[in-house]
Amino acid sequence: MKIVIIGAQWGDEGKGKIVDYLANEAQIIVRFSGGANAGHTIVIDNEEYALHLIPAGILYPDKLVVLGAGMVIDPMALFSELSMLNKRGIETTGRVFISDRAHIVLPRYIEIDKERDAARKIPIGTTGRGIGITYSMKSKRDGIRLADLSWKERMDELEEADHEFLAPYLDQLLTMTIDMASFIQHRKNAQTLFEGAQGALLDLDLGTYPYVSSGMSSASGAALGGCVGPRALDKILGVFKAYTTRVGNGPFPSEFNASSEDELCGFIRKTGREFGVTTGRPRRCGYLDLVALRYACFTNSIDALVMTHLDVYDTLSEIKACVAYRIGDKMVEDFPSSVQALNTARPVLRSFPGWKQSLADRLTYEEFPLEAMEYIEFIERFCETPIHIVSVGYERKATIIRKSPWRQ
Ligand code: GDP
Ligand code: IMO
Ligand code: MG
């Protein structure tokens, strides 16, 4: 079975935690898009791991992990991540493979990314990891792929500084490089997870362009970045937070109002530990945006949702979610493509009673308080998509499975 896991908001939904949890039953975990802009956190018995390039399945000793064709890979970041894992007792030799079609991030792309974003009138607020520049080199047909490292004529086109940068990594990179299309085809019956990075609303095509990343972070990206056709993918899961966060600039209609909801914002940021894994920036916070979430469900054919961070709301007596936008004098229920429209959108909020008790010790959904069930089931109806997994804490074990995606 092939299961895709994507972020259904603007990233940082808890994909790392959920992929790690579901990887227990997988044999292969493929990251299909993005690069070291991602930061996926996994917490097991108080041990925290922050992964940027390596798929979350790496923490199990017996899983194979693949950095897919849709990724952009900075060799320096890759080897520093591998060394961090090795120092923490995780054996990676012979288990980490890289698609021959993945592109390489060069140091000069990182410099251009930072300069270019700083020069923008309204910066995107990129992670400064060279992501957009590497993807644009790819689109211009000027990029360097793993497969090109042994193609002399192509390599001769690089600058001296590029060669100096790549030289210490070349041998190791070549031993990890695979013909990913054959690798996946030869293991077509393996239980495979396709781990997304970023989120549907940061996708280059479906997201809030130009305030997006440059990869294909939506479900369709799993097919291309995983070297399979869309019909090979059996299920698509979308991970979302019980509220909404965003790092960097760009529209965010349900964002907490700095003057009237500052206290709530501070509470969520503190309780949910809302600081970026890659850059340490405080995340912007807001109400759950159901207009945006429903858009993500429809445009990604999400079969089931995974709700995370529900525990963050444990102590509140009232919870609100955005169910429509007011744009000018119109009520809008479909997610607009225009950034201008999104920037002027005011959230229409619906209120729900809080449950005012800890969810941390619940083992099944049936043990949830009625108020929490009401919130969850409203979201299911609104998005026309079931919620099959609920996460009530950052620990691996704080996960409630209503229906396992591995079962029919
Ligand atoms: P990703 O990029 O989607 O993998 O998410 P990040 O790792 O960037 O951010 C999610 C953060 O929330 C991490 O610090 C996780 O440890 C944490 N987290 C994940 N699920 C939950 C949850 O259900 N409750 C709480 N309180 N924290 C969670
Ligand atoms: P994970 O996988 C949250 C955001 C950046 C910026 C925009 C473009 O951890 O969910 P880029 O460096 O990609 O060109 O930046 O996208 N961004 C993320 N935000 N989570 C991520 O990844 C992100 N990756 C990029 O903050 O606004
Ligand atoms: Mg993250």
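Net charge in the neighbourhood of VAL72 (other residues with Cβ under 9 Å of its Cβ; Lys, Arg +1, Asp, Glu -1) is +1. When the Cα positions of LEU51, VAL4, LEU310 are compared along the charge dipole of the chain, VAL4 comes out farthest toward the positive end, with charges on each C-beta of Lys, Arg, Asp and Glu. Other residues with beta-carbon under 10 Å from the beta-carbon of LEU146 carry, at +1 per Lys or Arg and -1 per Asp or Glu, a net charge of 0. Considering only LYS270, LYS87, LYS17, the mean-square fluctuation computed in a Gaussian network model of the chain, springs between alpha carbons under 10 angstrom, is largest for LYS87.
Just report the Cα centroid separation between the stretch 105-122 and the stretch 223-268, whole Å. Taking the Cα centre of each part, the stretch 105-122 and the stretch 223-268 sit 24 Å apart.
Counting only Cβ charges, +1 for Lys and Arg and -1 for Asp and Glu, the dipole size of the stretch 25-99 around its Cα centre is about 200 debye.
The length gained on full extension between LEU170 and SER404, counted as 0.36 nm times the residue separation minus their Cα-Cα distance, comes to 80.2 nm.
FRET efficiency for the pair PHE378 and VAL339, taken as 1/(1 + (r/R0)^6) with r the Cβ-Cβ distance and R0 = 45 Å, rounds to 0.95. Across the options SER80, PHE97, PRO61, the greatest Cα extent toward the positive end of the charge dipole of the stretch 1-102 (unit charges at beta carbon of Lys, Arg, Asp, Glu) belongs to PHE97.
When only alpha carbons are used to place a centre, the stretch 173-213 and the stretch 292-352 end up 27 Å from one another. Computed over the stretch 182-333, the alpha-carbon pair-distance distribution with 5 angstrom bins reads 2, 8, 15, 19, 19, 15, 10, 6, 4, 2, 1, 0, each value a whole percent. Between MET1 and SER260, the modelled label-to-label distance comes to 4.5 nm, taking each label 7 Å out from Cα in the direction of the beta carbon.
List, in the order given, every pair from LYS241/LYS270; LYS114/LYS235; LYS17/LYS235 whose Cα-Cα distance in the structure shown is over 26 Å. From the list (LYS241/LYS270; LYS114/LYS235; LYS17/LYS235), the Cα-Cα distance tops 26 Å for LYS114/LYS235. Positive end of the dipole of the chain (Cβ unit charges, origin at the Cα centre): among GLY130, TYR211, HIS388, the Cα lying farthest that way belongs to HIS388.
If R0 is 22 Å, the Cβ-Cβ spacing of LEU363 and THR271 corresponds to a FRET efficiency of close to 0.50.
Using a probe of 1.4 angstrom and keeping all protein chains present, the accessible surface of the chain works out to 43 square angstrom per residue.
Select from VAL96, VAL30, VAL105 the residue whose mean-square fluctuation is largest in a Gaussian network model of the chain (Cα-Cα springs shorter than 10 Å). Result for the chain, Cα springs under 10 Å: VAL96 fluctuates most. Within the straight-line cut-off of under 15 Å between alpha carbons, the aspartates and glutamates reachable from LYS63 are ASP20, GLU25, GLU91, GLU195, sequence neighbours fewer than 8 places apart in one chain being disregarded.
Beta bridges per DSSP, both residues in the chain: antiparallel share near 40 percent.
Mind checking the log10 I(q)/I(0) for the chain at q = 0.06 Å⁻¹? Debye, one equal scatterer per Cα, no solvent, two decimals. Here the Debye-derived log intensity ratios amount to -0.23. Computed over the chain with a Gaussian network model linking Cα atoms closer than 10 Å, the most mobile of ARG246, ARG283, ARG350 is ARG350.
Quick one: net charge around ALA232, please, counting Lys, Arg +1 and Asp, Glu -1 for every other residue with C-beta under 9 Å from its C-beta. Within the 9 Å Cβ shell, the charges total +2.
Of the solvent-accessible surface of the chain, computed with a 1.4 Å probe and all protein chains present, 51% belongs to carbon and sulfur. Working from Cα pairs under 8 Å separated by at least six residues, relative contact order for the stretch 280-408 is 31 percent. The stretch 132-172 and the stretch 30-45 have Cα centres lying 24 Å from one another.
Charge dipole (Cα centre; +1 on Lys/Arg Cβ, -1 on Asp/Glu Cβ; no other charges) of the stretch 343-408 amounts to roughly 200 debye. For the stretch 197-263, the dipole from Cβ point charges (+1 on Lys and Arg, -1 on Asp and Glu) about the Cα centre works out to 380 debye, to the nearest 20.
The values are calculated or read from the model by the stated rules, or taken from the named source; none is laboratory data. Model, not experiment: these values are computed from the prediction. Heads up, the Cβs are rebuilt from the backbone with ideal geometry, glycines too, and the neighbour counts pull from every protein chain shown. Just so you know, the surface numbers come from the protein's heavy atoms only, side chains and all, with ligands and any DNA or RNA stripped out. Shrake-Rupley method; radii C 1.70, N 1.55, O 1.52, S 1.80 Å.
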